[in-house]
Amino acid sequence: MAAHTEHHLPHPTPKQYVQIALFLAVLTAIEVLLYYVEQGVDAIGTSVTAPMLILLALIKFFIVVAWYMHLRFEKAIMTKFFVAGAILALVLYAATLIALGAIAIGA
Amino acid sequence: MATTTDARPVARTIFRRPAGHTGFWSWITTTDHKKIGIMYGYTAFVFFILGGLEALVLRIQLAVPENTFLSAAEYNAMFTMHGTTMIFLFVMPVSAAFFNYLLPLMIGARDVAFPRMNAVSFWIFFFGGVFLYTSFIFGTTGPPEGGFAAEVSRLGTAPNGGWFGYAPNSGAQFSTGTVLDYWSLGLQILGLASLISSVNFIVTVFNMRAKGMSLLRMPVFVWMTTVVAFLLLFSIPIIAVALFMITFDRQFGTLFFDAAAGGDPVLWQHLFWLFGHPEVYILILPAMGIVSEVLPTFSRKPLFGYPAVVFAGAAIGFMGFGVWAHHMFSSGVTPITQAAFGLSTMAIAIPTGIKIFNWLGTMWGGRITLNTPMLFSIGFVAMFVIGGLSGVTHAVVPADWQQTDTYYIVAHFHYVLFGGAIFGLFSGLYYWFPLLTGRMYNETLGKIHFWILMLGFNMTFAPMHWLGLNGMVRRTWVYANEAELAQWNMVVTVGAFIIAVGVAVFMANWMYSKRNGPKAGMDPWDARTLEWTIPGPTPNYNFGVNPVVTSLDDFWHKKYSEDSEGRPVRRPEADTLLAELEETGLNPPAPIHLPAPSYYPFMVGVAIPIMGYGVIYKDQAFGIPLALVGMLILVGSFAGWGVEPLELDEDHEEGDHA
Amino acid sequence: MADIAHVDGPTDEDGPVDDNHDNGHGDEHGGHGDHESTGTDNRKLGMWVFLSSEFMFFGALISNYLLFKGRDFTGFDRITLIYPIELYDIPFTSISSFVLLMSSLTMVLAHDALASGDQNRTRVWLAATGMLGMVFVGGQFFEFSEFIHEGMTISSNPAASAFYMLTGFHGAHVFIGILMLLSLWGISRRQGGLTEDQGLNLELVGLYWHFVDIIWIVIFTIVYLIP
């Protein structure tokens with residue numbers, strides 16, 4: 001009985017992988033740029049750049065997971081496990097940081 | 001000897017690949033989930049005795065006021081080790097014994113997803129427990145005096161910071177010596193074993209069920225195992241980080257919990273209880289699963305509201321992540337934090353209550369057999385309700401301010417953990433005894449065990465409710481000579497010794513009956529689930545032919561149909577079915593491949609504590625070399641494991657891993 | 001336990017006869033993937049399950065850092081009042097981040113090469129990934145030594161402890177990944193190529209590697225770029 005990997009799942013081509021990498025590199029460059037803008041320009045503070053930086057990081061995160069880790073082509077259950085872990089971590093640690101006073105929400 | 005194939009190399013081994021399935025070495029090298037389960041069970045039981053002895057020593061000290069049987073320091077070590085042992089070295093591994101033995105059988109599989117990883121979980125646990133207990137010999141509670149040799153020759157005490165190891169007490173400043181390094185590293189090792197198991201069980205449940213067994217046709221025990229696996233999966237990493245942090249604080253000079261240096265001791269509490277609360281659901285859910293199997297069998301009725309019980313179990317697991325700060329109501333958290341967690345703690349009583357009512361509903365109208373497993377399961381329901389009720393009172397925050405750190409809390413958790421988890425586990429041990437051994441235990445002794453335990457257990461822990469409310473504090477080696485406290489403490493101590501008698505009866509029954517008990521035959525309980533479709537003792541390969549199921553409790557439905565009033569009616573073909581199952585069970589029609597034994601899991605288990613010793617003694621001459629030796633064995637074992645095929649027969653291409 | 005003659009051992013001459021084509025261990029490859037199996041190989045499912053637990057691990061370390069990074073340690077004992085944020089060399093770390101990001105590209109190209117059957121190219125990309133990983137780890141070492149040189153050690157203050165712990169454990173994860181990559185490369189060289197089954201292992205190492213990369217994406221943003 002032959003072992004088999006999932007031949008039938010679609011794969012991006014090497015060219016597409018490189019394009020994705022370039023896109024990620026551009027996003028990284030934008031992130032670094034935002035950092036320097038915040039440092040250099042008085043009018044723009046972290047309350048402006050921080051959400052943008054987080055958003056950019058999330059986009060990179062999502063792209064690597066979906067395409068490089070192939071998650072968007074896999075069975076849904078793996079996405080469910082993966083997302084469950086991420087959300088659980090986010091919620092629990094946010095609650096802990098709030099309880100410790102590190103994040104101020106008036107609590 | 002391995003045969004070569006086209007793309008696969010011959011695995012050259014330094015030692016001959018073990019191949020036997022019997023004999024001493026077959027246990028060391030086994031990858032069979034049943035043998036692994038048995039080893040977990042016996043090892044856990046040895047630790048149960050040790051933890052019990054620690055409890056008895058504590059109770060001797062507390063039998064009379066202001067006793068001098070133990071010093072304060074010794075008392076601290078005893079209650080720490082009692083708790084640590086019972087939780088990490090008894091209840092968790094004995095649950096693992098059940099998961100290991102039964103999970104594949106209940107889903108109709110031949111083994112778990114990763115047999116060698118399964119073995120490594122056991123050996124990591126085994127040597128981790130041994131490592132922790134060597135603290136009794138090698139542990140120190142003060143700065144080294146007279147050099148290392150002098151230190152070792154003194155009988156050290158054991159870890160003494162409580163099973164919860166609160167910082168800053170557990171830090172380098174307040175706990176000099178090595179005992180808390182044994183504790184933090186020991187727990188780290190044990191946690192690793194559980195984490196590896198959890199991945200194994202999740203993949204097994206999701207990928208290896210018998211044909212026709214959808215998730216909602218799995219036995220409740222399998223569901224509870226799955227929920228526990230997820231709880232472990234997500235909570236062990238938290239305690240791992242916390243233990244790394246305290247180890248680094250102690251060994252490498254980090255300042256996480258050092259309040260004088262700006263660290264935050266309350267952070268320890270958060271991280272510990274983020275793990276610690278899911279942990280207690282890890283402790284109780286397996287027993288709930290067992291009870292959900294035993295009650296239907298001996299009521300001759302299906303479990304009442306199976307989907308509700310499953311959903312409630314999952315809900316308890318999920319919500320269990322949201323209540324942790326109820327252990328911290330008096331630690332200085334804000335009022336909003338207290339209110340939020342008080343609320344969530346009350347909410348978690350709801351799914352628990354659902355289960356209780358479903359268990360009662362299962363028994364209602366059934367034809368009850370009050371044998372030993374049934375008595376323990378009913379006992380579970382009753383005792384757990386008591387423990388749950390006191391638990392709900394803790395959820396009321398101002399009330400908890402009075403209750404916390406008193407014996408009222410001790411009463412609560414012993415009712416749920418002993419009256420709950422341990423009673424449930426005993427129920428399971430009796431229930432599956434015939435499957436494990438092919439023989440029947442002695443029913444009279446079993447009942448004697450149960451009633452002695454009911455008496456002793458309630459004598460021990462019921463008085464703790466009012467002792468606590470009358471002001472007796474926890475974790476203190478003496479109490480003042482006040483009338484109420486003294487007489488009830490004596491009652492508690494007597495009760496503890498009665499428990500010991502009950503356990504002794506159990507042990508005698510077990511050891512005698514497994515060799516000399518009457519043969520049990522096929523399906524001695526006329527049960528409902530797949531593990532009973534094979535003869536006991538379970539054959540190596542589990543099922544002669546892979547089962548196919550078409551419903552929940554498929555085996556039961558093959559034996560019984562229902563009359564117009566829903567009562568079971570035995571089918572005429574039931575006996576033939578049993579005979580056929582026994583025949584194919586003992587004489588499978590085709591040869592069956594099993595995962596081959598392996599040395600490497602054992603070696604990994606040995607290597608890790610060696611590294612632990614290296615860390616503890618890193619400032620001694622032999623410390624770093626020891627750590628390196630451990631690492632070498634570890635890396636070598638991984639390398640060997642990686643190239644070793646899963647099965648001996650290499651005509652198959654798969655099986656390179658796990 | 002019954003000792004059953006039919007169980008295969010190394011001297012069994014009968015050869016395999018598998019009545020239900022499951023090799024005695026269930027449908028581990030998830031062939032049909034409906035009710036009783038996910039349809040994904042055990043090992044792959046196992047890796048995804050494990051990686052989801054790593055969120056809890058790194059989440060704790062990141063939270064730790066977030067807790068301490070803004071605290072004022074003036075006046076506490078045994079403190080060196082240097083915060084990680086004062087010492088960051090953003091250009092340097094940006095390049096490090098870019099290196100790790102590119103290693104994810106080379107990793108996925110290795111996987112693709114193997115799927116196409118080109119064993120040589122697979123080895124090339126595996127080696128490239130390993131080397132980029134080593135550059136990253138080297139960069140971490142260099143960064144740490146610079147920080148220590150400037151007076152911030154693991155014992156300087158809790159924020160420093162948290163910084164080193166977080167980035168240190170991440171680096172350790174990268175290091176383990178490098179070991180696995182080199183092992184695959186070495187096995188491929190020794191055998192003349194990886195079998196299909198070993199190809200799954202490459203995919204698993206890839207998943208692990210990408211995960212370590214995405215954790216760095218989070219760390220780089222939260223720890224370095226957001227003051």
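What follows is calculated from the coordinates using simple rules that are stated; it is not laboratory data. These figures come from a predicted structure and were not determined experimentally. Reconstructed Cβ throughout: ideal geometry from the backbone, glycine too, with neighbour counts over all protein chains shown.
A few remarks follow.
- Restricting attention to region B:200-239, the residues that are at the interface with chain C (Cβ under 8 Å from one of its Cβ atoms), part of a loop (DSSP other than H, G, I, E, B) and touching a residue at least 12 places away in the same chain (Cβ under 8 Å) add up to 5.
- Selection over region C:176-204 of residues that are without any contact (Cβ under 8 Å) to a residue 40 or more places away in the chain, part of a helix (DSSP H, G or I) and not charged (D, E, K, R) gives a count of 8.
- Which numbered condition C:Ser104 fails, given (1) farther than 23 Å from C:Ala172 by Cα; (2) in contact with an Asp or Glu (Cβ under 7 Å, 6 or more places away or on another chain): (1)
- Residue count, region A:16-63 (criterion: polar (S, T, N, Q) and within 16 Å of the chain's Cα centre (by Cα)): 1
- Filter pass, B:Ser184 being facing another protein chain (nearest Cβ under 9 Å) and among the hydroxyl-bearing types (Ser, Thr, Tyr): no
- Qualifying residue in region B:114-126 (condition: within 20 Å of the chain's Cα centre (by Cα) and part of a loop (DSSP other than H, G, I, E, B)): yes
- Only listed residue being within 21 Å of B:Leu417 (Cβ to Cβ), outside any helix (DSSP H, G or I) and not β-branched (Val, Ile, Thr), chosen from B:Phe275, B:Phe321, B:Phe329: B:Phe329
- Count of region B:257-315 residues, restricted to those that are over 19 Å from B:Trp183 (Cβ atoms) and of a type in the set (Asp, Glu), is 2.
- Tally, over region C:145-170, of residues that are more than 14 Å from chain B (Cβ to nearest Cβ) and either crowded, with 16+ Cβ neighbours inside 10 Å or in contact with a strand residue (DSSP E or B) (Cβ under 8 Å, 6 or more places away or on another chain) (or both): 1
- Members of region A:64-107 that are assigned to a loop (DSSP other than H, G, I, E, B) and under 20 Å from C:Phe58 (Cβ atoms): A:Met69, A:Leu100, A:Ala102, A:Ile103
- Odd one out for B:Lys514 among (1) touching a Lys or Arg at 6+ places or on another chain (Cβ under 8 Å); (2) surrounded by fewer than 18 Cβ atoms within 10 Å (Cβ to Cβ); (3) more than 14 Å from every other protein chain (Cβ to nearest Cβ): (3)
- Residue tally, condition surrounded by fewer than 24 Cβ atoms within 10 Å (Cβ to Cβ) and within 9 Å of chain C (Cβ to nearest Cβ), over region B:107-125: 1
- Residue match in region A:28-48 (condition: touching a residue at least 40 places away in the same chain (Cβ under 8 Å), within 8 Å of chain C (Cβ to nearest Cβ), out of contact with any Asp or Glu (no Cβ under 6 Å at 6 or more places or on another chain) and within 23 Å of C:Ile214 (Cα to Cα)): no
- Tally of residues being more than 7 Å from every other protein chain (Cβ to nearest Cβ), under 25 Å from B:Phe321 (Cβ atoms) and not β-branched (Val, Ile, Thr) across region B:246-263: 1
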